[in-house]
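Colleague: Here you go, one structure.
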Number of protein chains: 2
Amino acid sequence: MGDPIAAQELSSLSLNDAVSPTHVPNAEFSDRVPIRSIISRPDGGSGLAGQKARIGGWVKTGRKADKDAFAFLELNDGTSAGNLQVIVEASVYELGELVATGTCVVVDGLLKIPPSGTRQRVELRAEKVIHVGPVDPAKYPLPKTKLTLEFLRDFVHLRSRTNTISAVARIRNALAFATHTFFNKHGFLYVHTPIITTSDCEGAGEMFQVTSLFSEAEKLEKELIQNPPPTEADVEAAKLLVKEKGDIVSQLKAAKASKQEIGAAVVELKKAKDNVSKVEESVYTFGPTFRAENSHTSRHLAEFWMVEPEIAFADLKDDMNCAEAYVKFLCQWLLDNCLEDMKFMADKFDKSCIDRLKMVASTPFVRVSYTEAVEILVEAVNGGKKFENEVKWGIDLASEHERYLTEVKFQKPVIVYNYPKDIKAFYMRLNDDLKTVAAMDVLVPKVGELIGGSQREERLDVIQQRLRDIGLPPEPYEWYLDLRRFGTVKHAGFGLGFERMILFATGLENIRDVIPFPRYPGRADL
Amino acid sequence: MGDPIAAQELSSLSLNDAVSPTHVPNAEFSDRVPIRSIISRPDGGSGLAGQKARIGGWVKTGRKADKDAFAFLELNDGTSAGNLQVIVEASVYELGELVATGTCVVVDGLLKIPPSGTRQRVELRAEKVIHVGPVDPAKYPLPKTKLTLEFLRDFVHLRSRTNTISAVARIRNALAFATHTFFNKHGFLYVHTPIITTSDCEGAGEMFQVTSLFSEAEKLEKELIQNPPPTEADVEAAKLLVKEKGDIVSQLKAAKASKQEIGAAVVELKKAKDNVSKVEESVYTFGPTFRAENSHTSRHLAEFWMVEPEIAFADLKDDMNCAEAYVKFLCQWLLDNCLEDMKFMADKFDKSCIDRLKMVASTPFVRVSYTEAVEILVEAVNGGKKFENEVKWGIDLASEHERYLTEVKFQKPVIVYNYPKDIKAFYMRLNDDLKTVAAMDVLVPKVGELIGGSQREERLDVIQQRLRDIGLPPEPYEWYLDLRRFGTVKHAGFGLGFERMILFATGLENIRDVIPFPRYPGRADL
């Protein structure tokens, strides 16, 4: 029989075998062996039969058998989609304390080949129960019955014990590490841009503000471009609101009223990355972003994560090349490192999710200009296709348009570029036609827009004229303009909505299920 | 002469040679070749002589020579601590427009071996100037003269063009990627915990709050443990303050007054990681943290970054093993991947910084209990050592004590463990002596405390008693307690102050110089 397997030994065994580089055993910082390092071996763990191991996990299903002579426990420790079956004899422990779903059990035992006819390739016969974290089944909020994702949203502190949320967590982690790997591989520096900011315009001195304003700002900026600047009365009313109520929501309302400040906020967001990128080589940020609007859709959160590279010495073509390479890299990474979890998602939620990853990883993205895209949509309408939103040159493409292009017309990823300047932000580079800017969106099947980006306006005189056209005072932008004033050069960047990428990969429908602690109006309580 | 080098070719050349995996060329997303991919080759670039390349960068120093027949430009593009010398003849471009410090220049040219006697191994003779981003020397805020770090803090949007801040950015990036690599390698999942939170206690309903409260909370919690809970009058006064002023600073003041809420905030911070770790295997977070106190020291920021792993099935020993392995990994990573930048820091700021990394990477950390540490300090006092703060069992060790232990007594990293429970947070596991908790701090030369961590209290009855002892109501903690109620198990974690790690590595003195956009009282303007 020999000694119990040292955690270290088992770990190195499996490192040389099948375990993915994004989630290998951490056995060296604990005395138990991760279940993944046993069952994810190419032999399903059967090669370890005859060895001893300490295992810990939570009971998925437990039942007593053979007139209560022993219990079968399906244990899961979060390292894998699969469970390890543990058999405990009544002589070893009081079985009634072990079988409730959710119970935490740590056991020392012997790995053995199960009787033929069972699905498992290996199981553990318990020799000693080291620890039990009990559960009262009458009180446990997550019984063994099938639970809807919606129901689970009321238990974010416990839902990661379920197969689905646990698989999503591993996929999310893999995509995050793939992101850092991709950008480091291509020479980008990870830059930590700040969350806290102040707006001097508001005259609030030492007061902290929160970037909840920023994303909202980007959206409102479109209004700003077409509408006249706020009157003094607007600004005064806004300031009063802040003074009276002062919380973030009021500040947001105030900022909405006072559109000039919104403009400044947008610039500040951009310049933070922007200026760095121009001096410190290409950079990327990866962090939380805020949107304080009162939105209750399945696609919006108050706090979500974005990946935003900014490429030095780059134009729109470089930007599109980078975006395409990055998305392909993410898809291939999941195929290489998360296939077990992807198979689970394909089985339970979206049969096509693995094929979709393969298609995107291997297919060149179609590139069409905005003008061509509108022509295609008009053609579709003429052919009898119904859209809710009217199609004509100058509109911002709606989700239905984007999905028609990528899902129906081309059936592959599509990059639309050169959008009308009036529907895009002022810092996007004006094209020579003076009507469009060097912006681009990456559209993919299932979620539509996955990435938005642009080449930035690097010409001082052009960006100053754009500010004047919009009616913005130059003062708050001076340090943004400094970047054009002192050694300007072409550069470009984009943003990828990280949760949207996870929805695309997993086939899940609701953004609240792909972030550990979703924040949306009325739900930020823990 | 041949064709100009394709960026792609040069990139793969250097990938096979000397370029570090954390910062390789991104040439494929731009038409210029990063300077690093030329001068960081083992041959210093001389092997590329005779090839053509497009280079972009900012002029560090430029001068006209030989009766204005040509100009020497030292170009830096942020990819490397080193510059590439570019020679432009007067026939190629108007030299006067190129030589000002800060000018951005993109040129096509021929790489050639410089005349003997120069330091460079390769230089570029310009054949065509592709782009010039000019600078008016009279207006440029960063002239060629030596600038102090303090002066540069007024120009955070431009300071990354300097050698020092640029080197720090590369070191920071390397440490971030090393962090993700370490934890992924050891099976931890990266979990995105939220910034937005609400506190129901405050009765503020839909209002967003900001986690500025949290770090402050951790500090204030110590007061809380020893002081009685606030009176109703305190709470009322606090609420009034929020109603009247409402901004974050006021909310903080209010929270200070209402210490019960602080306690809740602390718990919420912890539980976010905590509950996940128990179900989804070991996890880590890496993100911004907030401290809203009015502190003007060289060691504190209002917004800083922390790395916080939480290890499932782990006790204090596992926690210390993980912390030691992580710090060693970071040090070795810098030696392996950032030696050029580390040499720059050693040359300019701290002669011992490279030796310090080597020592920490290779020396087992000393481990002493708090009680032993106090005995050592008392012995030192008896031997004539003067401390500003009195030494006796029960005190929280001051920075001077910590640095004495690691710099004078042991001259290597030290882990102090088992602190008195009265100076530590209530969620730390109570030891069997009922006087100490399973907490630990990692102390290193130069900065003192680098990491603080603990095994968490997993026993429901013990943590409930701790809450009662402190005088906190159980209601706000119910979902934290759920984690002990349903399948509890031992676990442990720690936090590393990321900027402190950079100070430790670089030898810089002020935390404001190691984060791109420092936020501190009165300075959050961009």
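Colleague: Going through A:Glu458, A:Glu449 one at a time, which residue ends up being in contact (Cβ under 8 Å) with a residue 12 or more places away in the chain, in contact with a Leu (Cβ under 7 Å, 6 or more places away or on another chain) and of a type in the set (D, E, K, R)?
Modeller: Criteria check complete, one pass: A:Glu449.
Colleague: In addition: Could you tell me which residue of the stretch B:61-120 is surrounded by the fewest Cβ atoms within 10 Å (Cβ to Cβ), considering only residues that are touching a residue at least 24 places away in the same chain (Cβ under 8 Å), charged (D, E, K, R) and part of a strand (DSSP E or B)?
Modeller: That would be B:Arg63.
Colleague: I've got another one for you. Those residues that are over 14 Å from A:Gly62 (Cβ atoms) and in contact with a Leu (Cβ under 7 Å, 6 or more places away or on another chain), I need them from the stretch A:77-109; list them, please.
Modeller: A:Gly109
Colleague: Quick one: what pairs do we get from the stretch B:139-155, first residue within 11 Å of another protein chain (Cβ to nearest Cβ) and more than 15 Å from B:Arg512 (Cβ to Cβ), second surrounded by fewer than 14 Cβ atoms within 10 Å (Cβ to Cβ) and of a type outside the set (A, V, I, L, M, F, W, C), C-beta under 9 Å, 6+ apart or different chains?
Modeller: Partner pairs satisfying both residue conditions: B:Pro141/B:Asp154.
Colleague: If the Cβ limit is 8 Å and pairs must be 6+ apart or interchain, which residue in the stretch B:181-196 that is on the phi > 0 side of the Ramachandran plot and facing chain A (nearest Cβ under 7 Å) pairs with which residue that is surrounded by 23 or more Cβ atoms within 10 Å (Cβ to Cβ) and acidic (Asp, Glu)?
Modeller: Short answer, once both residue conditions are applied: B:Gly187/B:Glu281.
Colleague: Go over the candidates B:Lys412, B:Lys435, B:Lys446 one by one and state the one that is among the basic types (Lys, Arg) and out of contact with any Lys or Arg (no Cβ under 8 Å at 6 or more places or on another chain).
Modeller: B:Lys412
Colleague: Out of the residues in the stretch B:447-489 that are charged (D, E, K, R) and surrounded by fewer than 17 Cβ atoms within 10 Å (Cβ to Cβ), which is modelled with the lowest pLDDT?
Modeller: My answer is B:Glu475.
Colleague: Also, quick follow-up: For the stretch B:142-152, check the following and say yes or no: at least one residue is crowded, with 17+ Cβ neighbours inside 10 Å and more than 20 Å from the chain's Cα centre (by Cα).
Modeller: Within the stretch B:142-152, one or more residues are crowded, with 17+ Cβ neighbours inside 10 Å and more than 20 Å from the chain's Cα centre (by Cα).
Colleague: Would you confirm whether or not the stretch A:363-375 contains a residue that is buried (at least 23 other Cβ atoms within 10 Å of the Cβ), in a helix (DSSP H, G or I) and in the same structural domain as A:Leu443 (by TED's automatic domain parsing)?
Modeller: Within the stretch A:363-375, one or more residues are buried (at least 23 other Cβ atoms within 10 Å of the Cβ), in a helix (DSSP H, G or I) and in the same structural domain as A:Leu443 (by TED's automatic domain parsing).
Colleague: Could you count how many residues in the stretch A:155-191 are touching a strand residue (DSSP E or B) at 6+ places or on another chain (Cβ under 7 Å), outside any helix (DSSP H, G or I) and not assigned by TED's automatic domain parsing to the domain that holds A:Glu499?
Modeller: 0
Colleague: Quick check: anything in the stretch A:498-521 within 30 Å of B:Arg32 (Cα to Cα) and either within 11 Å of another protein chain (Cβ to nearest Cβ) or in a strand (DSSP E or B) (or both)?
Modeller: yes
Colleague: State all residues of the stretch B:63-82 that are within 34 Å of the chain's Cα centre (by Cα) and small (Gly, Ala, Ser); if no residue qualifies, say none.
Modeller: Answer for the stretch B:63-82, where residues must be within 34 Å of the chain's Cα centre (by Cα) and small (Gly, Ala, Ser): B:Gly78, B:Ser80, B:Ala81, B:Gly82.
Colleague: Please go through the stretch B:452-493 and give me each residue that is more than 23 Å from A:Gly102 (Cα to Cα), within 32 Å of the chain's Cα centre (by Cα) and either assigned to a loop (DSSP other than H, G, I, E, B) or more than 14 Å from every other protein chain (Cβ to nearest Cβ) (or both), ordered by number.
Modeller: B:Gly452, B:Ser454
Colleague: How many of the residues in the stretch A:40-56 are farther than 17 Å from A:Ile130 by Cβ and within 14 Å of chain B (Cβ to nearest Cβ)?
Modeller: 1
Colleague: Another one. Right, B:Val414: surrounded by fewer than 18 Cβ atoms within 10 Å (Cβ to Cβ) and at pLDDT 95 or above or not?
Modeller: no
Colleague: Give me the residue from the stretch B:417-444 that is modelled with pLDDT of 95 or more and aromatic (Phe, Trp, Tyr) and, out of that set, farthest from the chain's Cα centre (by Cα).
Modeller: It comes out as B:Tyr419.
Colleague: Here is a follow-up. What are the residues in the stretch A:415-437 that are in a strand (DSSP E or B) and within 14 Å of A:Ala492 (Cα to Cα), if any?
Modeller: Those that are in a strand (DSSP E or B) and within 14 Å of A:Ala492 (Cα to Cα): A:Tyr417, A:Asn418, A:Met428, A:Leu430, A:Val437.
Colleague: With A:Val368, A:Val391 as the choices, which residue is hydrophobic (A, V, I, L, M, F, W, C) and farther than 21 Å from A:Ser454 by Cα?
Modeller: A:Val391 is the lone residue from the list that is hydrophobic (A, V, I, L, M, F, W, C) and farther than 21 Å from A:Ser454 by Cα.
Colleague: May I pose another question? Suppose we keep only residues that are over 18 Å from A:Thr181 (Cβ atoms) and outside any loop (DSSP other than H, G, I, E, B) within the stretch A:280-299. Which one would you say is modelled with the lowest pLDDT?
Modeller: Filtering first and then ranking leaves A:Phe290.
Colleague: Let me ask you something else. Name the residues in the stretch B:102-121 that are modelled with pLDDT of 95 or more and among the polar types (S, T, N, Q), would you?
Modeller: Of everything in the stretch B:102-121, just one residue is modelled with pLDDT of 95 or more and among the polar types (S, T, N, Q), namely B:Thr103.
The values are calculated or read from the model by the stated rules, or taken from the named source; none is laboratory data. Fair warning: this is a prediction, and the values are worked out from it, not measured in the lab. Cβ: placed from backbone, ideal geometry, glycine included. Neighbour counts: every protein chain shown.
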